[in-house]
Amino acid sequence: MNKRFQWKPFLSAVCAIAIPVALQNLLTNTGSIVDTMMIASLGEQSVAAVGLCEQFSILVFSCYWGFVSGGMMFISQYFGANDEAGMERSYGLMTAVCLFVALAASVLAVCFPHAVMSIYTDKPAIQAIGEDYVRIVGFAFPFNVLAVCSAGLLRATGHAKYPLYSSVMAVIVNVCLNYVLIYGRFGLPALGVKGAAIATVVSGVINFLSNHIFAKVHRIRYLFAFSAFFRWTKDFVRYFMKKIFPILCNAVMIGVSGSLISIIFGRQQEEAIAAFAVISVLEGIYLAFFSGYSNAAGIMIGNSVGAGRLKEAYSYAPRFVILCALIIAAIDVPILIFRVPLLTALGLSGTSLRIGEGILWIFAGIFIIRMNNWLLNDMFRAGGDSVYGTVCELTFMYLFVLPLLYVSAFVWALPFILLFAVRYSDELIRIFMMLFHMRSGKWIKPVTPEGRAAVPAFMKEIGRMRAEKAPSKK
């Protein structure tokens, strides 16, 4: 007889990982909201320009997040199997590749800011403001990468509170510097969006340094095993790249699709561009909570799979899905109730406010499904299956969403609110495919010897469970 699922230890484990990560990301996005509110006083064009620059930053993040996500899959499974050497070389390879990507992006942003802004919008005034911002923000990319990688290692090894503390300090520094540099306080010149960009760079440095200082003080040796970081063998690099290649393709191609969507949106009326920029900031509130939750799901499933406790990992998955829907719905309520004062505080008024309200309603409704699609993909990756979710997402995005969005914008000339709805039109279809794959158990593909040894018995158990349920369907 199957034991009854123990919710209390499950929720305790989720909270231990999810709450620090969620608070960390919430603080970061609270800083972004404060940034937007401060920049709002400079006008809607400044809000739109910084919002489009943020889309470039998201593209850069997407280009290296595939390596971070794949690296954390290895680290969490090796941690579950108590394999320190595997953890350290996984972290080293992940960080080296991510840093290369960040440096390349920095060169592009710093040396060719006009080319970057020309991609995202054809409005000269917005381009000019954005160039000033992205030229400076480019210096932050390497520090952001090092902060993200070190935070990932700390979370995967049970030290999620230290990246939270680092983010607290980084956000405080960012907000204070924004106040001083944007408006020119304490005798300094008012730098406008340039001041906001400088504050972003400094806060990135603080975040990176703080992670390493906390790790040093508390003797978390994993971040300082420098020689072990580069003990790669050809077989390990080949296996690592093979496993994360689908994740990398997913992250990069979704980042590219996000940029293509921003290009389409960036050629709409200026009020719509400003509304989209503000909604993108509010999206960070959802992602703050969700990313902590998704991290918890990935780490718990990865640890269980790596240790060979495959049935435990399988039993976690549907519970994570149910909780995800409840959490997102709980976030929706206050945001929708206070949508008008919130959007007004972020610089929207008149037509841009009306557009912002409309797309916020659509966004809040679809995000419950969208985040579960994302969560399921993260759980599949943590279990070792980096292919299924990637194929589903990219197929629908490039063969369905992008063509339909292009036609809707430039052939049918639909209103911006309807364009925004088209952006998420694939989510309702994909959720059924993702849930079916979750139930199959085929996403559990361990990378550790302990996990692989447990696969035959686990699949036999899944087959037995299906056989027991089959008569009830007649």
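Of note:
- Residues located in the range 254-312, provided they are among the basic types (K, R) and over 28 Å from I75 (Cβ atoms): R267
Yes or no, residue by residue, for (1) under 29 Å from R267 (Cβ atoms); (2) of a type outside the set (G, A, S):
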position	(1), (2)
P334	no, yes
G358	yes, no
N377	no, yes
V387	no, yes
L404	yes, yes
S408	yes, no
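- Being in a helix (DSSP H, G or I), farther than 19 Å from V193 by Cβ and either of a type in the set (G, A, S) or at pLDDT below 80 (or both) is a property that does not hold for S57.
- Listed conditions (1) in contact (Cβ under 8 Å) with a residue 40 or more places away in the chain; (2) loosely packed, with under 15 Cβ neighbours inside 10 Å; (3) under 24 Å from R267 (Cα atoms) are all met by K442, apart from (3).
- You will find that of V401, V411, V340, the residue that is touching a residue at least 60 places away in the same chain (Cβ under 8 Å), at negative phi and not acidic (D, E) is V401 and no other.
- Screening A317, A325 for residues that are at pLDDT 85 or above and in contact with a Lys or Arg (Cβ under 9 Å, 6 or more places away or on another chain) leaves exactly one candidate, A317.
- Some residue of the range 452-463 being surrounded by 15 or more Cβ atoms within 10 Å (Cβ to Cβ) and under 24 Å from the mean Cα position of the chain (by Cα): no
- Of all residues in the range 250-288, none satisfies the criterion of being crowded, with 19+ Cβ neighbours inside 10 Å, closer than 26 Å to S69 by Cβ and acidic (D, E).
- Pick from the range 108-127, criterion touching a residue at least 12 places away in the same chain (Cβ under 8 Å) and of a type in the set (A, V, I, L, M), ranking: farthest from S262 (Cα to Cα): V110
- Residue match in the range 368-377 (condition: of a type in the set (V, I, T), in contact (Cβ under 8 Å) with a residue 24 or more places away in the chain and closer than 23 Å to I75 by Cβ): no
- For the range 69-121, residues that are of a type in the set (G, A, S), over 23 Å from F208 (Cβ atoms) and assigned to a helix (DSSP H, G or I) total 5.
- Qualifying residue in the range 134-148 (condition: of a type outside the set (K, R), more than 26 Å from L248 (Cα to Cα) and assigned to a helix (DSSP H, G or I)): yes
- Residue match in the range 37-45 (condition: outside any helix (DSSP H, G or I), at pLDDT below 75 and either surrounded by fewer than 24 Cβ atoms within 10 Å (Cβ to Cβ) or touching a Cys at 6+ places or on another chain (Cβ under 9 Å) (or both)): yes
- Criterion violated by F320 - all others in (1) more than 19 Å from K445 (Cβ to Cβ); (2) touching a Leu at 6+ places or on another chain (Cβ under 8 Å); (3) in contact (Cβ under 8 Å) with a residue 40 or more places away in the chain satisfied: (1)
- Counted residues, the range 173-197 - those being assigned to a loop (DSSP other than H, G, I, E, B) and either crowded, with 23+ Cβ neighbours inside 10 Å or not basic (K, R) (or both): 8
- Scanning the range 221-245 for residues that are part of a loop (DSSP other than H, G, I, E, B) and of a type outside the set (S, T, N, Q) returns A225, F230, R231, W232.
The values are calculated or read from the model by the stated rules, or taken from the named source; none is laboratory data. In this text the structure is predicted, and so the values were computed from the model without any measurement. All Cβ positions, glycine included, derive from the backbone under ideal geometry; neighbour counts span all protein chains shown.
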